[in-house]
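> What follows is a single structure, and I will ask about it in a moment.
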Amino acid sequence: YRCGAKMRSKLLFPLLLLSCNNDKGVIIYNMDPATALLEPMDGDVFDEGEPILFSGTVNDDSDLEYLDVQLLSSLDGEFLDVAPPDPNGYIEYTSASLTEGVHTITLRAIDEDGAQGDSSLTIEVLDVPDIPSIEVIHPAGGEVGLEGFPFVFMAYAEDRQDPPEDLLIEMSATPGRS
């Protein structure tokens with residue numbers, strides 16, 4: 001029995017030396033970053049001008065602060081001002097300016113070694129009518145004005161597509177009978 005033990009030791013030792021001669025050192029693999037879009041859901045439909053919340057997570061085998069995180073639309077391009085992920089890899093972005101049509105939304109993360117991870121979903125943005133709404137606030141029903149004296153007209157206008165400074169409001173009055 002003891003002789004066999006010595007014999008095994010003598011046989012294993014040269015094999016171990018051979019494996020050490022071919023050793024290439026430690027190999028480090030860079031994995032692609034992982035991405036996941038959480039909101040909106042694939043296939044969701046929104047009205048043009050409606051705020052849409054995009055949220056997702058990114059993860060990588062390197063530090064998250066070195067990831068280049070991008071949020072992209074197939075129709076409108078890259079969303080600007082997307083904040084970097086928080087320490088848990090969570091990102092969030094809201095936009096109300098997507099154009100009408102079917103968008104493929106992609107969350108992309110690129111690490112400092114160039115490895116890239118993507119996840120995508122599809123949403124649709126529907127066109128809304130271009131008609132603004134207007135409500136006359138003053139004069140209220142039954143009010144009258146006197147000729148030669150100033151009279152205040154007030155209205156409230158709203159448009160889901162254009163800012164207030166771009167709206168043109170015209171009012172007219174028809175003289176009434178006294």
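The values are calculated or read from the model by the stated rules, or taken from the named source; none is laboratory data. Please read these numbers as outputs of a predicted model, since none were measured by experiment. Quick reminder, even Gly has a Cβ in these numbers, built from the backbone with ideal geometry, and neighbours come from all protein chains shown. The accessibility values were calculated without ligands, DNA or RNA, using every heavy atom of the protein model including side chains. Shrake-Rupley method; radii C 1.70, N 1.55, O 1.52, S 1.80 Å.
> E135: without any contact (Cβ under 8 Å) to a residue 12 or more places away in the chain, open to solvent by 80 Å² or more (accessible area, probe 1.4 Å) and not small (G, A, S), yes or no?
Criteria not met by E135.
> V125 - would you say it is within 20 Å of D159 (Cα to Cα) and at pLDDT 95 or above? Before the answer, list the steps.
Values: within 20 Å of D159 (Cα to Cα): yes; at pLDDT 95 or above: yes.
In short, yes.
> In region 11-56, which residue that is at pLDDT below 95 and aromatic (F, W, Y) is nearest to S97 (Cα to Cα)?
Here the residue is Y29.
> Would a scan of region 152-163 turn up a residue that is of a type in the set (V, I, T), surrounded by fewer than 13 Cβ atoms within 10 Å (Cβ to Cβ), on the phi < 0 side of the Ramachandran plot and in a strand (DSSP E or B)?
No, region 152-163 contains no residue that is of a type in the set (V, I, T), surrounded by fewer than 13 Cβ atoms within 10 Å (Cβ to Cβ), on the phi < 0 side of the Ramachandran plot and in a strand (DSSP E or B).
> Something else: Only one of L107, L168, L98 is within 18 Å of the chain's Cα centre (by Cα), part of a loop (DSSP other than H, G, I, E, B) and not small (G, A, S). Can you tell me which?
Every option except L98 fails the conditions.
> Still on this structure: State yes or no: is S62 more than 30 Å from R160 (Cα to Cα) and either of a type in the set (F, W, Y) or surrounded by 14 or more Cβ atoms within 10 Å (Cβ to Cβ) (or both)?
Answer is yes for this residue.
> If you scan region 82-129, which residues turn out to be buried (at least 19 other Cβ atoms within 10 Å of the Cβ), over 21 Å from E65 (Cα atoms) and among the β-branched types (V, I, T)?
Matches in region 82-129: I105, I123, V125.
> Suppose we filter region 72-95 for residues that are assigned to a strand (DSSP E or B) and over 16 Å from A36 (Cα atoms); how many remain?
So in region 72-95, the residues assigned to a strand (DSSP E or B) come out as 72-73, 77-78, 90-95.
When the remaining residues are screened for being over 16 Å from A36 (Cα atoms), the result is 77-78, 94-95.
Number satisfying all stated conditions: 4.
> Go through region 28-75 and give me each residue that's under 17 Å from the mean Cα position of the chain (by Cα) and of a type in the set (F, W, Y). Before you say what the answer is, go through the steps one by one.
Restricting attention to region 28-75, the residues satisfying the condition of being under 17 Å from the mean Cα position of the chain (by Cα) are 34-59, 67-75.
Across region 28-75, the qualifying residues are F46, F54.
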